[in-house]
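Notes to accompany the following structure.
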Amino acid sequence: MLIQVKNLSKVYQDDGVATTALNRVSFSIEEGEFVAITGPSGSGKSTLLHVLGFLDRHTSGEYLFESKNSAEYSEKELAQIRNKKMGFIFQAFNLLPRTSVLENVKLPLLYSGVPRAQWDNLSKKAIEAVGLSHRLEYEPAQLSGGEKQRVAIARALVNDPKIIFADEPTGNLDSKSGKTVMEILQKLNLEQNRTILLITHETYTAEHAQRIIHIVDGEIDSDRAVENRHKAEEERRKGEEERRDA
């Protein structure tokens, strides 16, 4: 099991006032799954991603990553896991301006221990996976929103992570670009068996996943398989055919 959470809670304290963002959440994610976390604004879904991505600590309960309790990891070990075993994609892209696509994708390799001689090859392979090999030397200002997010996906892939966390990856995109981004994520899951955890408030976006966990007020409201995922896959294949024919 890649991820297990048991009675996970997160409580924020502000001037003595306690706010519960997550309340006794329990579920597991197996390697190779594509899981969407949905819910209204303020439901706790982004807090959950931050806890699972070791960007924040939970208050109580247990979080096991690769069967080891996260409480047993030192801060240094958590940083190493974030770099080597986790990839992150955010709504705002978080690309360095005045820095090429290639150099942006290389960034996680700076702290990875991977020999520098391999950086170009690994980065170009990740960029090729998102269809941007023709944009290697472009800077973010020269890219569309959809292309920026594809660069962010390539950057998340470059260290060959165990899991990719995607926090509202289509939130700043038009519908066409958002669809392209989701098709890429779905293809990575279906063809490369990439484990993906997606945070989204969009029903259509969530249905690219195999499974949807819906959160309301910090608690799991439902956890269900996506029955029409095959439809999303057909739309992805149709989109690829249309682009080839164009």
**Q.** Candidate lysines - alpha carbon under 16 Å from residue 179, same-chain residues fewer than 8 apart omitted
**A.** 148, 187, 231, 238
Q: Multiply the residue separation of residue 160 and residue 217 by 0.36 nm, subtract the distance between their alpha-carbon atoms, and state the gained length in nm to one decimal.
A: 17.1 nm
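Under 8 Å for C-alpha pairs, at least 6 residues apart: give me the relative contact order for the chain, rounded to a whole percent.
27 percent
Averaged per residue, what accessible area in Å² does the chain show with a 1.4 Å probe, protein chains only?
50 Å²
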Q) Heavy-atom accessible area of residue 150 with all protein chains present, probe 1.4 Å, nearest 10 Å²? A) 50 Å²
Q) For residue 31 and residue 116, what does the FRET efficiency come to when R0 = 25 Å and r is the distance between their Cβ atoms, rounded to the nearest 0.05? A) 0.25
Q. Given labels modelled 7 Å from the Cα in the Cβ direction, how far is it in nm from residue 227 to residue 99?
A. 4.6 nm
Q. Hey, what angle do you get for helix 119-129 against the long axis of the chain, alpha-carbon based, 0 to 90 degrees rounded to 10?
A. 90 degrees
Q) Say each of residue 85 and residue 174 gets a label point 7 Å from the Cα, pointing the same way as Cα to Cβ; how far apart are those two points in nm? A) 4.1 nm
Q) How far is helix 145-157 tilted off the main Cα axis of the chain, in degrees rounded to 10, range 0 to 90? A) 70 degrees
Q. Just how large is the dipole of region 32-110 about the Cα centre, in debye to the nearest 20, putting +1 at every Lys and Arg Cβ and -1 at every Asp and Glu Cβ?
A. 280 debye
Q: From zero up to wherever the largest Cα-Cα distance of region 170-212 sits, split into 5 Å bins and tell me the percent of pairs in each.
A: 5, 23, 35, 24, 11, 1
Q | the chain: angle of helix 75-85 to the longest principal axis, Cα-based, in degrees nearest 10 | A | 40 degrees
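Roughly what % antiparallel, to the nearest 5, for the DSSP beta bridges in the chain?
Working: 22 of 40 bridges.
Roughly 55 percent of the DSSP beta bridges within the chain come out antiparallel.
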Q.
Suppose a student asked you for the relative contact order of region 1-101, using Cα pairs under 8 Å spaced at least 6 residues apart; what percent would you report?
A. 30 percent
**Q.** Semi-axis lengths (Å, descending) of the ellipsoid that matches the C-alpha gyration tensor of the chain
**A.** 29, 22, 16
Q: First select every other residue whose beta carbon is under 12 angstrom from the beta carbon of residue 82; then total the charges, Lys and Arg +1, Asp and Glu -1.
A: +1
**Q.** Positive-end extreme of charge dipole, the chain - chosen from 4, 89, 226 (charges on Cβ)
**A.** 89
**Q.** Mean residue ellipticity (222 nm) of the chain, computed from DSSP H runs ≥ 4 via -39,500 (n - 2.57), nearest 500
**A.** -11000 deg cm²/dmol
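The values are calculated or read from the model by the stated rules, or taken from the named source; none is laboratory data. Here the structure is a predicted model, which means the values were calculated and not measured. Every residue, glycine as well, gets a Cβ built from its backbone with ideal geometry; the counts of neighbours run over all protein chains shown. The protein model used for the area step is the full one, side chains on, heavy atoms only, and it has no ligands, DNA or RNA in it. Shrake-Rupley method; radii C 1.70, N 1.55, O 1.52, S 1.80 Å.
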